[in-house]
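For reference, the structure is listed below as structure tokens.
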Amino acid sequence: MRKHALVLSLAFLGLAAFAVFAGWAFFEGSKLGGGWRSLGPIWPYVAGGLLVVGALTGFLMWLAFYSANHGYDDRFDPDDQR
């Protein structure tokens, strides 16, 4: 049980550190160059990238469940002659 607590606490600390960094980067990014207005031209590319990643994630999850439900993930036993 201690091993799980250590892993969970390290994961929580890592996520907390990343959240602090992301917040800092967000607020400091507004002070660079033209601020958030200078990022306007790239938002369609960001949205397109998120859409493609979401579609790819959905397709790969569908493929994993399809193969599992149709027996493609079962181990083959050469001695098992049906």
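The values are calculated or read from the model by the stated rules, or taken from the named source; none is laboratory data. Computed from a predicted structure; not experimentally measured. Side chains are part of the model used for accessible areas, which takes the heavy atoms of the whole protein and leaves out ligands, DNA and RNA. Shrake-Rupley method; radii C 1.70, N 1.55, O 1.52, S 1.80 Å.
Annotations for the structure displayed:
- When the criteria are applied in full, Ala55 meets the requirement of being of a type in the set (Gly, Ala, Ser), open to solvent by 60 Å² or more (accessible area, probe 1.4 Å) and either at pLDDT 85 or above or not in a helix (DSSP H, G or I) (or both).
- Those residues of the range 15-26 which are modelled with pLDDT under 95 and open to solvent by less than 100 Å² (accessible area, probe 1.4 Å), in sequence order: Ala22, Gly23, Ala25
- Yes/no for Tyr72 being open to solvent by 100 Å² or more (accessible area, probe 1.4 Å) and not in a helix (DSSP H, G or I): yes
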